[in-house]
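*Asks:* Provided herewith is a single structure, encoded as structure tokens, for subsequent inquiry.
The values are calculated or read from the model by the stated rules, or taken from the named source; none is laboratory data. Because the structure is predicted, anything quoted here is derived from the model rather than measured. Counting neighbours? That spans all protein chains shown, and the Cβs are built from the backbone with ideal geometry, glycine included.
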Amino acid sequence: MTNYYRVMLGKGHVYAQECFAGNYIGIKPYTNGSDENLANRLYEDWHDFNAWFIPVFTTLYPERTRPGAGQIGGYIWTICKGIQTGDRVLCPDGTGRYHVGEVTGDYYYAPGHELTHCRPVHWLDTSIEKARMSLALQNSATGRATVCSMAGYRDEIEQLLSGITPPVIIVNGEPVEDLYAFAMEKHLEDFLVRNWSQTELGKNYNIFTEDNELAGQQYQTDTGVIDILAIRKDKGELLVVELKRGKASDVVVGQILRYMGYVKQELAVAGQTIKGIIIALDNDDKLQYALSMIPNVEFYRYKIDFKLMKV
């Protein structure tokens, strides 16, 4: 089955036209002064790659965090190894259009180029305009991550490539019937991020950043997407925030524990603790019972205040 990935070709799409003309995608070297062919480092499991990469990167750049190094390593491995021959990539060109290409071969090393770690690509004649995408696909396709999976939107992407504009929002292959509720969840996330410093959580935590850029909103993992990833101001704790529209049930407990397990194993450094917070409009008895057995996961209720003021 063909998988789809969104790949950013440099900050501000600076290498996009070069990649389109040269029939490849690539990622920059991880060091400023030197680089190496990664052919013998691209293990089948990305955890093995990061076990080698993180110590190398943090030795070269001691000011960088282990979570940030792990994220960079994940990007490099995914582009060089994780994306399979035959998979397709969506690459924005900065004009509101996504070029679509099929990966045609394995990793190759291109010393002397800006993007040294490359994959050959055959670019299709058809591209996709952002304006034709559903809101859900737009939000995923415009994330800050260098590369992220678009597998959950395969059906919509293939409809767009065939010239059909889907009449409904599709998320992870399923239509969203309640557009209002879906929009509320996204607006809640955006509101929290924009106003983080004024929230209760913002007193003790900062949203995770890398290279002075926001990275903790829609944080990509191999177990799913974390709504918000934050770090305590003293760096002693990582916080996973899961947002739910309306009433949250106990189903969300397994989801947030999965994300917390990933953060503990892949991002946390020695001594860092992991905490989870579920935010929803309301909860039920099942969720309360489940959370009573998990001391490091808390529930927050959000409140919507709507007023009319005569002027």
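*Asks:* Pairs only if they're at least six apart or on different chains, beta carbon under 8 angstrom, first in the range 134-152 and touching a residue at least 60 places away in the same chain (Cβ under 8 Å), second charged (D, E, K, R) and surrounded by fewer than 18 Cβ atoms within 10 Å (Cβ to Cβ); list them, first residue then second.
*Replies:* Correct list of pairs: 139/186; 141/130; 144/213.
*Asks:* For the range 214-248, which positions are more than 19 Å from residue 143 (Cβ to Cβ), surrounded by fewer than 21 Cβ atoms within 10 Å (Cβ to Cβ) and touching a Lys or Arg at 6+ places or on another chain (Cβ under 6 Å)?
*Replies:* Result: 237, single match.
*Asks:* Inside the range 41-63, can you point out the residues that are surrounded by 15 or more Cβ atoms within 10 Å (Cβ to Cβ), part of a loop (DSSP other than H, G, I, E, B) and free of Cβ contacts under 8 Å to residues at least 24 places away in the same chain?
*Replies:* 41, 61, listed by residue number.
*Asks:* For the range 20-42, enumerate the residues that are out of contact with any Cys (no Cβ under 7 Å at 6 or more places or on another chain) and within 19 Å of residue 105 (Cβ to Cβ).
*Replies:* Answer for the range 20-42, where residues must be out of contact with any Cys (no Cβ under 7 Å at 6 or more places or on another chain) and within 19 Å of residue 105 (Cβ to Cβ): 20, 21, 22, 23, 27, 37, 39, 40, 41.
*Asks:* Next question. Out of 244, 275, report the one residue that is in contact (Cβ under 8 Å) with a residue 40 or more places away in the chain and at negative phi.
*Replies:* 244
*Asks:* Here's a follow-up. So residue 109 ticks every box in (1) without any contact (Cβ under 8 Å) to a residue 24 or more places away in the chain; (2) surrounded by fewer than 19 Cβ atoms within 10 Å (Cβ to Cβ); (3) under 17 Å from residue 49 (Cβ atoms) but one. Which box is left unticked?
*Replies:* So the condition that residue 109 fails would be (1).
*Asks:* Given the conditions (1) small (Gly, Ala, Ser); (2) modelled with pLDDT of 85 or more; (3) exposed (fewer than 15 other Cβ atoms within 10 Å of the Cβ); (4) more than 19 Å from residue 99 (Cβ to Cβ), and given that residue 162 satisfies all but one, which numbered condition is not satisfied?
*Replies:* (4)
*Asks:* Contact list please: Cβ distance under 9 Å, first residue in the range 284-298 and touching a residue at least 40 places away in the same chain (Cβ under 8 Å) and at negative phi, second residue outside any loop (DSSP other than H, G, I, E, B) and among the basic types (Lys, Arg), pairs at least six apart or on different chains.
*Replies:* Within 9 Å, the pairs are 297/275.
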